[in-house]
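Structure record follows, encoded as structure tokens.
The values are calculated or read from the model by the stated rules, or taken from the named source; none is laboratory data. These numbers were taken from a predicted model, which means no experiment stands behind them. Note that each Cβ is placed from the backbone with ideal geometry, even for glycine, and that neighbours are counted across all protein chains shown. In case anyone asks, the SASA skips ligands and DNA or RNA and just uses the protein heavy atoms, side chains included. Shrake-Rupley method; radii C 1.70, N 1.55, O 1.52, S 1.80 Å.
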Amino acid sequence: MQASSLAAVSAVPQSTPAPRWTVAEILDLYELPLMDLIWRAQGVHRANFDPNAIQRSTLLSVKTGGCSEDCSYCSQSARYDTDTQRERLMPLNEVVAAAKVAKEKGASRFCMGAAWKGPKDSDLDSVLAMVREVKALGMQTCVTLGMLGEGQAGKLKEAGLDYYNHNLDTDKEFYGQVIKTHTHDDRLDTLEQVREAGINVCSGGIIGMGESRKNRAGLIVQLANLPKPPESVPINNLVPIPGTPMADNERLDPFEFVRTIAAARIAMPSSWVRLSAGRQEMSDELQTLCFLAGANSMFYGDRLLTTGNPDVDRDDQLFARLGVKAV
Ligand code: SAM
Ligand code: DTB
Ligand code: SF4
């Protein structure tokens, strides 16, 4: 080969892999008869996971309310008049006490959430201490603190953080109708920093916000086509919060929620798909349909961040009735 043609070959970018999924392919999944869709999702699930094991994370809001951002679904935005009271960062001993209770009740991971656009370095130091102490209890650790600044992901990794939760929430097209104070690209930026720091990525979204099925498919594509798909994918059903612009949103057909779980499972075969917010309003049977569709993770404990979650006795009974084990 001549030198000039060699140069031409090496000028071709080598590192632009074709997208793994298209929106059209995900929409085709959504359009399958439900039984066929669940059958496919079950096949993918069983090829990658123990189908009778469900991972359980307990959430704690370590800094509640007063957030500068305008996310239209959120009880914690300072811009909406909701029942959520603003609270200061929780003291370390209270966080550790809550993590101990969560561990005793059978959660394997403890997720600490803060209502920030992103952490100030001084606040991050307090969170790092929480991560260290929760980790020392023998639990997996997760935090969700908003957008990270330079060097912050590295500090979290050093403190022993296992997962960082940062949801894309919806697809790039619909994002601007939900949130105006930051962009979808800002969210992707933080996910990249988390990935580069070697922390597991937890990223998913909310459905029932008035988005179209195409937007839901778009979210799944954008998550699945990340350079590496998130290890954990929470699918939240909107919890309508009085006082927010989404307070009176029409409820989504529950089967559309099940379809979204199944499509996420098929598009991200080796990710843990989490049946997240909205479980309190679901029957045991609907939750079971979500597990059949490939959900294998959930929030466990009587509260999410500011809203309720099924109590642990109800969840324990459901696990026993289904013969499911917690991991
Ligand atoms: N401030 C940080 C952030 O935005 O990433 C962390 C906390 S924020 C409350 C975490 C996630 O909770 C949001 O990205 C959203 O997916 C979910 N969430 C918040 N309010 C919700 C609601 N009313 N219904 C369903 N999910 C909700
Ligand atoms: C996620 O995807 N869902 C959780 C967690 N990550 C932080 C939060 C759900 C919040 C539901 C509304 C509330 O309790 O305020
Ligand atoms: Fe703030 Fe997070 Fe709520 Fe948005 S979702 S208002 S960033 S706490």
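A few points about this structure:
- Relative contact order (percent, whole number), the stretch 30-113, Cα cutoff 8 Å, 6+ residue spacing: 34
- Listed values for the stretch 286-296 are Karplus-derived 3J(HN,Hα) couplings in whole Hz (6.51 cos²θ - 1.76 cosθ + 1.60, θ = phi - 60°), namely 5, 4, 5, 4, 5, 5, 4, 7, x, 6, 9, and x replaces Gly and Pro.
- Where no second cysteine Cβ lies under 4.7 Å, the cysteines concerned in the chain: CYS67, CYS202, CYS290
- Rounded to the nearest Hz, the phi-derived 3J(HN,Hα) couplings of the stretch 237-250 under the Karplus curve 6.51 cos²θ - 1.76 cosθ + 1.60 (θ = phi - 60°) are 8, 3, 9, x, 10, x, x, 8, x, 9, 4, 10, 4, 5, where x marks glycine and proline.
- Taking all protein chains as they are arranged and a probe of 1.4 Å, the heavy atoms of ARG195 leave approximately 70 Å² accessible to solvent.
- Within the chain: Cβ-based charge dipole about Cα centre, in debye rounded to nearest 20 (Lys, Arg +1; Asp, Glu -1): 660
- For the chain, the Kirkwood hydrodynamic radius from C-alpha pairs, put into Stokes-Einstein at 20 °C and a viscosity of 1.002 mPa s, yields a diffusion coefficient of 105 µm² per second.
- Among the protein heavy atoms of the chain, carbon and sulfur supply 53% of the accessible surface, probe 1.4 Å, non-protein parts ignored.
- The charge dipole of the stretch 170-327, taken about its Cα centre with unit charges on the Cβ atoms of Lys, Arg (+1), Asp and Glu (-1) only, comes to about 340 debye.
- Simple rule: put +1 on each Lys or Arg Cβ and -1 on each Asp or Glu Cβ in the chain, find the dipole, and look at TRP21, PRO229, PHE257; the Cα lying farthest toward the positive end is PRO229.
- Accessible surface calculations at 1.4 Å, restricted to protein heavy atoms, place the chain at 45 Å² per residue.
- Measuring nothing but how far apart in sequence close Cα pairs (under 8 Å, 6+ apart) lie, relative to its length, the stretch 117-257 scores a relative contact order of 21 percent.
- Furthest towards positive pole of dipole, LEU305, CYS67, THR144, structure part the chain, Cβ charges: THR144
- Vicinal HN-Hα couplings computed from phi for the stretch 266-276 (Karplus, 6.51 cos²θ - 1.76 cosθ + 1.60; Hz; Gly/Pro x): 5, 6, 10, x, 9, 8, 7, 9, 9, 6, 10
- Excluding exposed DSSP-loop GluC sites (Glu not before Pro) (at most 11 other C-beta within 10 Å), longest clean stretch of the chain: 1-149
- Accessible area ranking (1.4 Å probe, heavy atoms, ligands and nucleic acids excluded), largest first, for ILE241, ILE26: ILE241, ILE26.
- Nearest-0.05 FRET efficiency for TRP39 and GLU158, computed from C-beta distance (R0 51 Å): 0.70
- When the chain is treated as a Gaussian network with alpha carbon springs shorter than 10 Å, the biggest mean-square fluctuation among HIS182, HIS45, HIS166 belongs to HIS182.
- With all protein chains in place and ligands, DNA and RNA left out, the 1.4 Å accessible area ranks VAL101, VAL178 as VAL101, VAL178, largest first.
- Isotropically averaged projected area of the stretch 113-255, using the convex hull of Cα atoms (one quarter of hull area), nm²: 9.4
- Of ASN215, VAL273, TYR80, farthest towards positive along the dipole that unit charges on Lys, Arg, Asp, Glu beta carbons give the chain: VAL273
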